[in-house]
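Working notes for the structure below.
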Amino acid sequence: MFAGIFIYPLAAQNSPTAVSSNRVTLSYMGTAGWEITDGNTVILLDPYLSRIYGPQPPGRPPFARASGDSRPQYGWTDVVVPDTAVIDSHVKKADFVLVTHTHYDHVLDVPHIALKNHATVIGTESTENVMRAYTVPEEQLITVRGGEDYDFGMFSLKVIPSLHSPLDHKHYFSSATAPAGMKAPLTLEQMHPEGGTLAYLIRFHGHQILAFGGMNYIEREIEGLTPDAVLVGAASSRKEIYDYTGRLMRDLHFPALVLPTHWDNFTAPYGASQEPAINAVQPFVQEVTAASPNSRVIVPRYFEPISLDLPSR
Ligand SMILES: [Zn+2]
Ligand SMILES: [Zn+2]
């Protein structure tokens, strides 16, 4: 039932002329951030490169500060200036920025990236209100609520209603939305009202990439999707969810490639070792392998491109 017929059937069915003319690569930027590109069009998901030593999600102890990290510690009422040197050293081009929800570890860097690269920002009304506070022009903002399926020419995008990670042992809940009319600079608190959570299905050169920004999903919204690559939230709050990995793999018909996301220590700078987080994510890798033995799982190193045209196993 897990045979290789599942590996790349969509490429043959949906876009026979586009396949292999452009190689699609995904690069992990840390946190829930990814660059998805064919070498021409650049789509970013939740790009967060500033990696400040900031406040914790509710109900969890502070991350241990990375050794040698003497950067300032920020609280909810602080205004934070994004680390534009780090952002610009890694983001050379951005055409579209997809945002899953309005938390600072997903949205803090997006105004700068949008303004500098003239990128179109796709996200909830809450996310777009943060963009408006930083005067991102209205024509660069596409507000979505989930359910849309939009064609952008080079790719298409199905916007999928989703759920935030069940932080604080399922006690996390937020109905807060960033309001219209805010003026920059915003405090961390002002850019941390969840505003609803989305996932995205990106169809690009015959590939289908399903991207989550955290550790949860609405099963009925993903049943029947057949992505060949899926970015799956893999931090420990997934364990609050009944058969998280198993249900996901079955619902998605055992995707060929699984890439864990939002599993690193996002308060540590890029220079800190990824090894402790890589070790901590291994149980997730085992969950995927148990539920979907023919899926390939790649634990990404920062900024190492992963090609979707990998040879099938
Ligand atoms: Zn969040
Ligand atoms: Zn997050």
Scanning region 92-112 residue by residue, those closer than 24 Å to Thr197 by Cα and more than 16 Å from ligand 2 (Cβ to nearest atom) turn out to be Ala94, Asp95, Phe96, Pro111, His112
query: Quick check: is even one residue across region 98-107 open to solvent by less than 30 Å² (accessible area, probe 1.4 Å), under 24 Å from Met154 (Cα atoms) and not aliphatic (A, V, I, L, M)?
result: yes
Practice task
Please verify whether region 132-145 includes one or more residues that are within 16 Å of ligand 1 (Cβ to nearest atom) and either in contact with a helix residue (DSSP H, G or I) (Cβ under 8 Å, 6 or more places away or on another chain) or at pLDDT below 95 (or both).
Solution key: no
When (1) modelled with pLDDT of 90 or more; (2) surrounded by fewer than 21 Cβ atoms within 10 Å (Cβ to Cβ); (3) away from ligand 2 (no atom under 16 Å from the Cβ) are applied to Ile43, the one that fails is (2)
Of Arg60, Arg65, Arg71, the only residue that is charged (D, E, K, R), assigned to a loop (DSSP other than H, G, I, E, B) and closer than 23 Å to Thr197 by Cβ is Arg60
Of (1) in contact with a Leu (Cβ under 7 Å, 6 or more places away or on another chain); (2) farther than 23 Å from Ile218 by Cα, Val97 satisfies every one except (2)
Flagged in region 183-227 as away from ligand 1 (no atom under 16 Å from the Cβ) and polar (S, T, N, Q), in numbering order, are Thr187, Gln208, Thr226
| query | Is there a residue being farther than 28 Å from Asp69 by Cα, β-branched (Val, Ile, Thr) and in contact with a strand residue (DSSP E or B) (Cβ under 7 Å, 6 or more places away or on another chain) anywhere in region 262-271? | reply | no
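The values are calculated or read from the model by the stated rules, or taken from the named source; none is laboratory data. Keep in mind that what you see is a predicted model, and the values were worked out from it rather than measured. Note: ideal-geometry Cβ built from the backbone for every residue, glycine included; neighbour counts use all protein chains shown. These area figures cover heavy atoms from the full protein model, side chains too; ligands, DNA and RNA do not enter into them. Shrake-Rupley method; radii C 1.70, N 1.55, O 1.52, S 1.80 Å.
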